[in-house]
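Engineer: Take this structure, written in structure tokens, and hold onto it; I'll ask about it next.
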Amino acid sequence: MGRGDARPVTAGAARVHRGEDADAPWPRGISRQATMRISDVLRALGQEFPSVSHSKLRFLEEQGLIEPVRTPSGYRQYSQADVERLRFVLTEQRDSYMPLKVIKERLAAMDADPDSAEHPAPRLAGAGVPARRRWTAQSVAEAAGVTEEFVQSLAQAGLLPSSGSALGSGAVEVARIAGALAEFGIEPRHLRSFRTAADRQVTLVDQVVAPLRSQQASAARGRAASMASDMGELFTRLHAAWIRQGVDDLG
């Protein structure tokens, strides 16, 4: 969706985004003043969701999961409440493997009863989100609760994601899980085959989404990002199912 196809902001949408809470959807108590540009949203969410992109946000908008305000010149503007909704969508995709259709249905239920205690508590957009940092073996070790030597052994085995000469933010999760496995005697060298298998799966995903990702249209790139995320989650669930079945058979 480009700048030329800006849609008018309805009175209801304008009222919601000006910060009036009456009849407002979830989450309540978060500013609905649309003052954030798409770059501000990416900055707010990027540490927690490194793969989030312009095309991903536009795809979620096309799917009806988020409704940013459009300026007269067609630029999107978001509120802190919008960022909280995006954080919910991205978290459900990443942690619960929920398809977008189910997430949309859950958001609709939350909107129907925004004050229900059963809904997740929103976190003020921008608050509590650490600034981008350069991850080192020491900082990863501190965040994961393992020794720096252990992190270095994981890096030497090629098991940690990296960004240039620095470790990537995903290194913390890998180090934490590998540290837990180490308590059972599983060493970094034992995990190399897992990393190799994961790399092959990522290559397969890339082959599937490459035709979409190569297109100029942001909608196509957004669909590519969503397809890649969904396929990755399905691979993860399939792998987990096989592991569970094999472990059950051991009994």
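Engineer: Using R₀ = 22 Å, calculate the FRET efficiency as 1/(1 + (r/R₀)^6) where r is the Cβ-Cβ separation of ALA217 and THR35; round to 0.05.
Structural biologist: Given R0 = 22 Å and the Cβ-Cβ separation, E is 0.20.
Engineer: Working out 0.36 nm times the residue gap between GLU142 and VAL202, then minus their Cα-Cα distance, what length gain in nm do you get to one decimal?
Structural biologist: Residue separation times 0.36 nm, minus the Cα-Cα distance, leaves 18.7 nm.
Engineer: Same structure, new question: Leaving out ligands, DNA and RNA, and with a 1.4 Å probe, what % of the accessible surface on region 159-243 is carbon or sulfur?
Structural biologist: Of the solvent-accessible surface of region 159-243, carbon and sulfur hold 60 percent.
Engineer: Under 16 Å from the 7 Å Cα→Cβ point of LYS104, by amide nitrogen: which residues of region 73-94?
Structural biologist: 86, 89-90, 93
Engineer: Whole Å is fine, so just give me how far the alpha carbon centre of region 218-239 lies from that of region 49-67.
Structural biologist: 13
The values are calculated or read from the model by the stated rules, or taken from the named source; none is laboratory data. None of these values were measured; they are calculated from a predicted model. We place every Cβ from the backbone using ideal geometry, glycine too, and count neighbours over all the protein chains shown. Remember, those area values only see protein heavy atoms, side chains included, never the ligands or the DNA or RNA. Shrake-Rupley method; radii C 1.70, N 1.55, O 1.52, S 1.80 Å.
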